[in-house]
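A quick write-up on the structure given underneath.
The values are calculated or read from the model by the stated rules, or taken from the named source; none is laboratory data. Since the model is a prediction, treat every value here as computed from it, not as a measurement. Cβ placement follows ideal geometry from the backbone for every residue including glycine, while neighbour counts extend to all protein chains displayed.
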Amino acid sequence: MSLIGLAMNGLLAALLLAALTMGWRLNRRLKALRDSHEGFAAAVIDLNAAALRAEQGLADLRAATDEAVDLLADRIDKGRSLAMKLERLVEHANVPQRGAPPPVQTPDDPVAERRLGALLAAAREMRPERAMPPLRAAAAEREASERSMVERQIARARRLAEDDLFDDEPLTLNDVRGVRR
């Protein structure tokens, strides 16, 4: 063989060796790309499953929220009606004052009513009114303090009624019917 033929064969061998090296590198990169593509496909499948679970969880949460809203609205309505009933009872309640005689109940018999009226009139005539002004002021002050005490008791009863209304355990997702896990 001639020198040119040998040089050409050497150049061709070097080019083939370079092509083989490049092919081997390219094969490694393509294999890594295929592996990452498979990993990416697995990640997409996992992400899709997580999105489906999240959608289901949101639907369950929405249902639980709707049920809690209904329950809370019922409790609020019940609380308002109880508060109105309590206010009516307080307005119509006859709170006896300290030192005042108990309310007199009159019988249905007209003769007994006349007798009772005569007895009351006689009792008033026999009892002289000798209250001195300082004593009247003290009595008025005592009466005002008793009224404020009654008002405080009424306010306390209202607060207790509101507190009792919401004493139940808080609603959790485990308590809600129809929750899927």
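Limited to region 44-86, what total is found for residues that are within 30 Å of Gln153 (Cβ to Cβ) and either hydroxyl-bearing (Ser, Thr, Tyr) or in contact (Cβ under 8 Å) with a residue 12 or more places away in the chain (or both)? Residues in region 44-86 being within 30 Å of Gln153 (Cβ to Cβ) and either hydroxyl-bearing (Ser, Thr, Tyr) or in contact (Cβ under 8 Å) with a residue 12 or more places away in the chain (or both): 7 in total.
Gln97 fulfils the conditions (1) modelled with pLDDT of 80 or more; (2) among the polar types (S, T, N, Q); (3) within 30 Å of Ala157 (Cα to Cα) except for a single criterion, (1).
Among (1) at pLDDT 80 or above; (2) surrounded by 10 or more Cβ atoms within 10 Å (Cβ to Cβ), where does Glu91 come up short? The failed condition is (2).
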